[in-house]
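Accompanying notes for the structure given below.
The values are calculated or read from the model by the stated rules, or taken from the named source; none is laboratory data. Since the model is a prediction, treat every value here as computed from it, not as a measurement. Cβ atoms come from the backbone with ideal geometry, glycine included; neighbour counts cover every protein chain shown.
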Amino acid sequence: MIRLADCGAVGRLCAELNRDKPKIEILVSRGTCGTSRGADRLVEAVQTALNKAGTNGNVRLRVTGCLGYCDIEPIVIVRPAGFFYPQPKPDDAAEIVQQGLLGKSVPRLFMEDPNTGKPIETVSDVPFYKHQNRVIFGANFDLDPTSIDDFVRIGGYQALAKVLSEMTPEKVIDEVTRSGLRGRGGAGFPTGVKWASCRKAKGQLKYVVCNADEGDPGAYANRGLLEGNPHSVIEGMAIGAWAVGASQGYVYVRTEYPLAVELMSRAVQEARAAGLLGKNILGSGFAFDIHINRGGGAFVCGESTALMASIEGHVGEPRAKHIHTVESGLWQAPTTLNNVETWANIPHIINRGAQWFTQIGTGDVTGNPWGGSKGTKIFSLVGKVNHTGLVEVPMGITLRKVIFDIGGGIKNGKKFKGVQTGGPSGGVLSEKHLDLPIDYDELVEAGSMMGSGGMIVMDEDNCMVDFARFFLSFLEDESCGKCTPCREGVVQMRQILTDICQGKAKEGDIELLHDLAEVVSESSLCQLGATAPNPVLTTLAYFKDEYDAHVRDHKCPAGVCKALTTYRIDWEACTGCGVCFKNCPSDAIRGEKKQPHEIQVDRCTKCGVCYDSCKFNAVRRN
């Protein structure tokens, strides 16, 4: 285990590790997504093949975290050629290794370009990666997350060494402020302003906290960073602690992320052993250590004051912020809280400078820490899109570019309908927003938010009323119940939405729903309640016709709400192929072979199997 005694030792070790770099590297991704698809067996097979080949140290197997393209994990990449193999089987490992040692590829394992039909040979040619700017997440390609040596080899901890040897805390805060970095957890508060307030706050003991309680359904960017590059977060927190005057730090990570907890805990131990955490870090006299705290899975604990209450051992409930946490936070001491992605940005800003960071993103930050949205943002692109995964893009990129250029457009040739950004408390944006630049201010103005980076894409088969009902149900379950507007208001909104979906709504319910949403938004104690109406308000604003169809016409245009959906077979279009008859689980379809069929309404469960399986568009809804 390495031990770094002074700031200069970091650079010397980096140079030494790069001198001993192997000629060939075989990367196998092993994040949560890869592990669920057999990455462990693939790693074993590659290692066995390397052992048989007898490579004499010229080849290295590097087991990485998630590489972002979650659709096709686990991934194998052979460097320096960059041969890219999506989801190879363990039986393919021997051939990959054998050919890789000769500088050759295995063409049968290449993926096919969806636009040209030609094989994609190298990682640089993969369309999913081409339009990204992987400032933070790109290091996952170069790291074994269990190896501190790998992190130091690519320049890790040099920013910390620079800070401790060359910069005052005030200079660090000034650099972060001038960069325009805003918190990546959702609110977008200027990081430098927060740090400056905490440094000025009175108190001998101060804390820094990493919020890794990523509770949004469909969001997992923080998990990807913790599993792939945990030392970047540790380095960022250590720099932040030096800047604000903190001696202790906490990483609050949800217990549903067992691999992230394991790798983060290991990285903290490695950093301690190397002299990068603990007393007298790098011989500078600076003392700082990090503790891992596992959250219980409560969505409300993503809120800063509820999170801190949970760390203290109390029920995770928010409190009114008459006094900011930078003045009185964890155990009433001044506390700086940022999320995983924010901390991971800090070393890059210190190493490359604020000016470099301001060249990425939108707006002018000169003299205004609130101006624009600088840097990149990682999004969890999921839903009805061809290519799902973690995408890192510059602020200001349009939704269209993310969904269609990176995500490959909508599955099965369906029509795009909407996209939710910002998780359960975010808003649903429509087709008219596809050219909207993605940044904090533009999303808020449209009624949505950045959140922790969730991006759920929907097609014509999604019902927006049901979509809003689903997320209100989630928020109802996750509300801590401390304040009346959230505790009671969210329940009432969900009930109205349920009535609309079940055909029980009456005239005036839509107007009541809108009024109730505004009251909850304006009067709730914390941001969970204040933003809970966003799915309702945005679907009402951009998909009002669907609400009207449910209430006035008693129809669900998307065919999702069973109480408002009926199926019938168009006799002129039906060929009598019998596919719907064979697939119907309730035996509700009758008809002779090669003759038009008929659905028996009294037996139909409205499951939609007939609609999905018919190749002749003969099954009609409503």
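Before moving on, here are some points about what is shown:
- Residues that are within 14 Å of ASN386 (Cα to Cα) and surrounded by fewer than 16 Cβ atoms within 10 Å (Cβ to Cβ) within the stretch 111-130 comprise GLU112, ASP113, PRO114, ASN115, listed in sequence order.
- Which numbered condition MET449 misses (of (1) under 16 Å from the mean Cα position of the chain (by Cα); (2) buried (at least 24 other Cβ atoms within 10 Å of the Cβ); (3) at negative phi): (2)
- Some residue of the stretch 436-449 being part of a loop (DSSP other than H, G, I, E, B), in contact with a His (Cβ under 8 Å, 6 or more places away or on another chain), touching a residue at least 12 places away in the same chain (Cβ under 8 Å) and not β-branched (Val, Ile, Thr): yes
- Test result for SER29, of a type in the set (Ser, Thr, Tyr), touching a Cys at 6+ places or on another chain (Cβ under 9 Å), at pLDDT 95 or above and surrounded by 20 or more Cβ atoms within 10 Å (Cβ to Cβ): yes
- Test for ALA221: is it crowded, with 21+ Cβ neighbours inside 10 Å, more than 24 Å from GLY422 (Cα to Cα) and of a type in the set (Gly, Ala, Ser): no
- Candidates are the residues of the stretch 208-259 that are assigned to a loop (DSSP other than H, G, I, E, B) and of a type in the set (D, E, K, R); the one that is farthest from LYS279 (Cα to Cα) is ASP216.
- Positions within the stretch 1-21 being outside any helix (DSSP H, G or I) and more than 33 Å from the chain's Cα centre (by Cα), in sequence order: ARG3, LEU4, ALA5, ASP6, CYS7, ASP20
- In the set (1) within 27 Å of ARG30 (Cα to Cα); (2) in contact with a Lys or Arg (Cβ under 9 Å, 6 or more places away or on another chain); (3) surrounded by fewer than 19 Cβ atoms within 10 Å (Cβ to Cβ), the condition left unmet by ASP289 is number (1).
- Unmet criterion (only one of (1) in contact (Cβ under 8 Å) with a residue 40 or more places away in the chain; (2) within 21 Å of the chain's Cα centre (by Cα); (3) not in a helix (DSSP H, G or I)) for PHE467: (3)
- Tabulated pairs, the stretch 496-520, first acidic (Asp, Glu), second surrounded by fewer than 17 Cβ atoms within 10 Å (Cβ to Cβ) and modelled with pLDDT under 95, C-beta under 8 angstrom, 6+ apart or interchain: GLU507/ARG552
- Candidate set from the stretch 145-174 (those that are touching a Phe, Trp or Tyr at 6+ places or on another chain (Cβ under 9 Å) and not hydrophobic (A, V, I, L, M, F, W, C)); member that is nearest to ALA221 (Cα to Cα): PRO145
- Complete set of residues in the stretch 551-575 that are small (Gly, Ala, Ser), surrounded by fewer than 16 Cβ atoms within 10 Å (Cβ to Cβ) and either part of a loop (DSSP other than H, G, I, E, B) or more than 35 Å from the chain's Cα centre (by Cα) (or both): ALA573
- Unmet criterion (only one of (1) of a type outside the set (Val, Ile, Thr); (2) under 27 Å from ILE406 (Cβ atoms); (3) not in a strand (DSSP E or B)) for PHE84: (3)
- Within the stretch 265-286, tally of residues that are part of a loop (DSSP other than H, G, I, E, B), out of contact with any strand residue (DSSP E or B) (no Cβ under 7 Å at 6 or more places or on another chain) and not basic (Lys, Arg): 7
- The residues in the stretch 291-348 that are in a strand (DSSP E or B) and of a type in the set (A, V, I, L, M, F, W, C) can be counted, and the count is 2.
- Matching residues in the stretch 27-41 - criterion: being of a type outside the set (D, E, K, R) and over 14 Å from ILE72 (Cα atoms): LEU27
- Filter pass, ASP587 being in a helix (DSSP H, G or I) and free of Cβ contacts under 8 Å to residues at least 40 places away in the same chain: no
- Selection within the stretch 510-540 - hydroxyl-bearing (Ser, Thr, Tyr) and at pLDDT 95 or above: THR538, THR539
- Listed conditions (1) buried (at least 23 other Cβ atoms within 10 Å of the Cβ); (2) under 22 Å from GLY375 (Cα atoms); (3) among the hydrophobic types (A, V, I, L, M, F, W, C); (4) touching a strand residue (DSSP E or B) at 6+ places or on another chain (Cβ under 8 Å) are all met by VAL135, apart from (1).
- Contact map, the stretch 19-46: first residue of a type in the set (Ser, Thr, Tyr), second residue surrounded by fewer than 18 Cβ atoms within 10 Å (Cβ to Cβ), Cβ cut-off under 9 Å, separation 6 or more or different chains; pairs are THR32/PRO258; THR32/LEU259; THR35/LEU259.
- Evaluation of PRO394 against (1) within 27 Å of PHE471 (Cα to Cα); (2) at pLDDT 95 or above; (3) under 19 Å from the mean Cα position of the chain (by Cα) (one fails), failing number: (1)
- The single residue among LYS417, LYS401, LYS432 that is surrounded by fewer than 24 Cβ atoms within 10 Å (Cβ to Cβ), part of a strand (DSSP E or B) and not hydrophobic (A, V, I, L, M, F, W, C) turns out to be LYS417.
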